[in-house]
Structures are given as C-alpha cells and as structure tokens.
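A.B. asks: Structure incoming, see below.
The values are calculated or read from the model by the stated rules, or taken from the named source; none is laboratory data. None of these values were measured; they are calculated from a predicted model. In this analysis, Cβ positions are derived from the backbone assuming ideal geometry, glycine residues included, and neighbour counts consider all displayed protein chains. Just the protein is used for accessible areas: all its heavy atoms, side chains included, with ligands, DNA and RNA removed. Shrake-Rupley method; radii C 1.70, N 1.55, O 1.52, S 1.80 Å.
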Amino acid sequence: MTRFFGVQVIMVMGITDIDDKIIKRANEMNISPVALARIYEEDFKQDMAALKVLPPTVYMRVTDNIPQIISFIKTIIASGQAYATSQDEAADTDKRHGRDFALWKAAKPQELSWTSPWGKGRPGWHIECSTISSAVFGKHLDIHTGGIDLAFPHHENEIAQCEVYHQCEQWGNYFLHSGHLHVKGSQEKMSKSLKNYITIKDFLKKFSSDQFRMFCLRSRYSSAVEFSDESMDDAKHLLQAISSFISDANAYIKGQLVCDPVREDILWERLANTKVTVKAAFADDFDTSRAVAAIMDLIHHGNRQLKAVTKDAGSPRSSVVYGSIISYIEGFFNALGMSFGERQVALGGGDSVVLSNVIDELVRFRAKVRHYALALPEEASEATPMEGATGAKGPKQEQKEKRQQLMQERKPLLEACDSLRGDLAAFGIHIKDRAAVSTWEIVEGGQGEQQAEKKS
C-alpha cells in the first residue's frame, strides 16, 4: 500500500450513481438526471438477472448517502489527515503532496450538487465506497473485489480513508482483483469508449448464461480473459459433454443403458481424488480452471466404463457409484450457479412440465416403432436340406428370404424414426437410442451441436 500522506478536500471528478455523463445525457433527453439514472439502474438489474447473478442483500446509492459522506469527511479532517483547499480550478496547486487525493469537489455551473461545509459540491471518487461500505459492514471488511484497474489508486485510497476513519491498522483482509475481458487479438480491454464491446443483451441472443459462466471458469479470475466465438464454442462443448455424461449415467442407473460390469474401485478412487483436487484448487486463490479440469477428468473415466455396451440385461449394475458421481458434479456446478439434467429448466416457460411429458410420450412411441421394425426373426443356424429335396429351397434359405422381405417392408418405419430424430434435433431435443429404450435430452444449438458432436 502507498504511504498515506493526507486526504485533501479538492475539486476532482467524482463518480456517483449520477455522474457527469448521466447529467449530460439527461439534458439531451430533457429528463431529470435522477430519472435517467434509475432507468440505467433497472437495466443493469435486468442484465444481471438474465446472467443468473444473485442480487445483493442491499442496494446503496451515493445520492442517498450524501449526509453520511459529509460526516465521514469531517471525521477524517478532524483527525488531521485531510485538509481543505480553495474552491477554484487551480486547487491542485494547493495540494501538500502529490499523492494526496480529493474527498469533495466543487460544483460546476448547472451541475448536480449538495451543500457542505466546504461549499456546494459533490463527493470525490473514492470517498463514496469507503463511506457506504463502512455504513453496511462496519469498521472491518473481509473480502473486497474489483477490477485490476482499481487496485491503484481507487482501492488504495479506500484503504487509506477507512483506516484513518476507523483508526485501525488493517481495514480489509483480502482484495481480489479480476482480470479484464479482451476481444481476441486485442491488447485493450472491452470498453464502451473504444467501441470494442458486446452488450449483455446481444450476447444472450447467441449464448446462454451457463455458457458464459463456463467461459469464465476456464480461466483464473485474476487473469485477463480473451473473448471470441471459438472460446465460447469451447465452453458450449464442455457443457454438452457434462450434460451428456449425466444423461448417460442416469440412463445406466435406471437400467436403460446396459454395459459390462464396471470397476467400482476405480470410480470410487477417482471420485475421492477429484474431491481432494477441487478443494485444493479453490483453496489456491480460487483456481477454477484446475477444478473444472478435475471434474472433466472424472467424467472422462466415468464415460469410459459406460461405453462397453452389452446386450446382457442380467449384468450387475453399480448404480450407487454413478449416483454419487452425478450428485457431486451437479452439486459442484449448482454452487457456481449452473444446472444440468433438469428438463424443466432447459425447456423454460410455464408449460415446461407438460411439454416434457409430451416429449417423453413421443420418444416412447418412437422407441416402440423402432423396436418393432428391428425385431426380425433370426436366421436358422443349423438348418440342413431335407433328404430327396435336391434343388428345393431349404429352411435356411427360406428364413433368409423372409428376413430380407421384412427388412424391406419395415425400412420406411426405421427411416421415419430417423427422420423424427433429425427433426427434433433441429429444436435442440437429442434422442439417444439404447438397447431396449430411447432417452432424450436438451442439446443447445440443435443440429449444429449434434453435427459437431458426431465429428468429434
């Protein structure tokens, strides 16, 4: 932390919930700055809800806390660690040290302002956060977050103000600084001024909130993140791999997917190791990329044992271990605001349960048709021509011809089943044909996603 030389009450740009840009825009629109600020505020809340970001316990506005801010500044001045300067544009020349910073700025003509002991004005940039966080959390803060660009001077100045105000040696325990979002190939962060950004509303027309979360989880929060369609596609494929595994594992547990006996000892060991790795990764400065990699490795080993499909319905099943794996994976992502395997959530809408049941019935009907079309008589394996029937068709030949005729007759049924599967895939409903039954899941991206899966 930089040495604290003193806080001065000089006139610099202050950022509140109603700043200069909002005032200028409000004047252009011929509405009050407060009304415009509330429009932006509600827009922000809607965007956060669309991204599935939980709302804070309380919303605090700077404009609602001006008296508290003035009182906060008075206390700092009384401690001898802040001082007033002249109220003109040359106030910077009155600074006692180059590192001193502003607590209060004088009002410009026709600018939103409040009366204070130092004249009409508005809060400086840093004092707002110190005052409001102290009002909510008291004299000690555990974790403080923000972008890496706020580490200096904003957060350091917050610390200086709060440690003087509360007369403490350490105001906050931890400061977590997040990296910036970059457009691929650019060294500049996404910024409205640079016009190299995408709005949340436009983003959500193409991608989902879960996909964005997975995109973020693949990097450390403190690292710069490069945004591109390719990186978002990678996130989509990871989510699909997780969803597909959970679907297959659930089908195995229900007896819809029959495979060779699995090595339970290996799976239990993998699950235990994954839990240890994930816990260590989060303890290591929230290393989410390592935690997600451990989860994907667990899924890889779980999938390997489900691939040995057999027709022996009497094979013993290890439902408990797969149930435990599913429970752990779903619990992990649920803690991170993501969900898998819930058709009602994936389908959305008030009639989602009804729609889910309709799809269940449709898939069951298709499975019955497909099973009938495939239920052809087996060829006789040990048939021999009858004595004295030289040149006549034997039982084996007749069976073969009958089978070929049935295959030809039932071919349109199989084609119809395949066509239905393809049609549903266009709506993101992915049907998987098992040995005895068929299951379905929501696949974001429809046929494009399916084709990508077939290629991989």
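A.B. asks: Find, among the GluC sites (Glu not before Pro) in the range 394-428, those assigned to loop by DSSP (not H, G, I, E, B) with at most 12 other beta-carbon atoms within 10 angstrom.
C.D. replies: none
A.B. asks: What residues qualify as long-range amide H neighbours of I429, i.e. H under 5 Å apart, gap of 5 or more or another chain, H built at 1.01 Å from N?
C.D. replies: Under 5 Å from the amide H of I429: V443.
A.B. asks: Mind ranking Y252, Y40, Y165 by accessible surface for me, highest first, 1.4 Å probe?
C.D. replies: I get Y40, Y165, Y252, largest accessible area first.
A.B. asks: Which cross-chain or sequence-distant (5 or more) residues have an amide H under 5 Å from the amide H of Y83, H modelled 1.01 Å from N in plane?
C.D. replies: Correct list: V7, Q8, V9.
A.B. asks: Considering only protein heavy atoms, what per residue accessible area in square angstrom results for the range 127-184 with a 1.4 angstrom probe?
C.D. replies: Counting only protein heavy atoms, the per-residue value for the range 127-184 is 49 Å².
A.B. asks: Per residue, how much accessible surface does the range 44-112 expose to a 1.4 Å probe? Answer in Å², no decimals.
C.D. replies: On a per-residue basis, the range 44-112 sits at 62 Å².
A.B. asks: So, one more: Show which lysines lie in cross-link reach of K108 when reach means a straight Cα distance below 21 angstrom and same-chain residues fewer than eight apart are skipped.
C.D. replies: Of all the lysines, those that pass the test against K108 - Cα under 21 Å, at least 8 places apart if same chain - are K21, K24, K95, K120.
A.B. asks: If the cut-off is 18 Å between C-alpha atoms, which lysines fall inside it for K400, apart from same-chain ones fewer than 8 positions away?
C.D. replies: Excluding near neighbours in sequence, the set is K411.
A.B. asks: Another question about this same structure. Please report the accessible area of R290 (heavy atoms, 1.4 Å probe, ligands and nucleic acids excluded) in Å², nearest 10.
C.D. replies: 90
A.B. asks: Let me ask something additional. What list of ³J(HN,Hα) couplings, whole Hz, do you get for the range 331-337 from phi and the Karplus terms 6.51, -1.76, 1.60, once you set θ to phi - 60° and write x for glycine and proline?
C.D. replies: My calculation for the range 331-337 gives x, 4, 6, 5, 5, 9, x Hz in order.
A.B. asks: If you don't mind, there's one more thing I want to ask. Could you grab the Rg to Rh ratio for the range 166-298? Cα atoms only, Kirkwood for Rh.
C.D. replies: So for the range 166-298, dividing Rg by the Kirkwood Rh gives 1.10.
A.B. asks: Are there trypsin sites (Lys or Arg not before Pro) in the range 33-83 that DSSP marks as loop and that have at most 14 other Cβ atoms within 10 Å, and which are they?
C.D. replies: K52
A.B. asks: What do you reckon, how do M338, M296 stack up by accessible area (1.4 Å probe), largest on top?
C.D. replies: The ordering from most to least exposed comes out as M296, M338.
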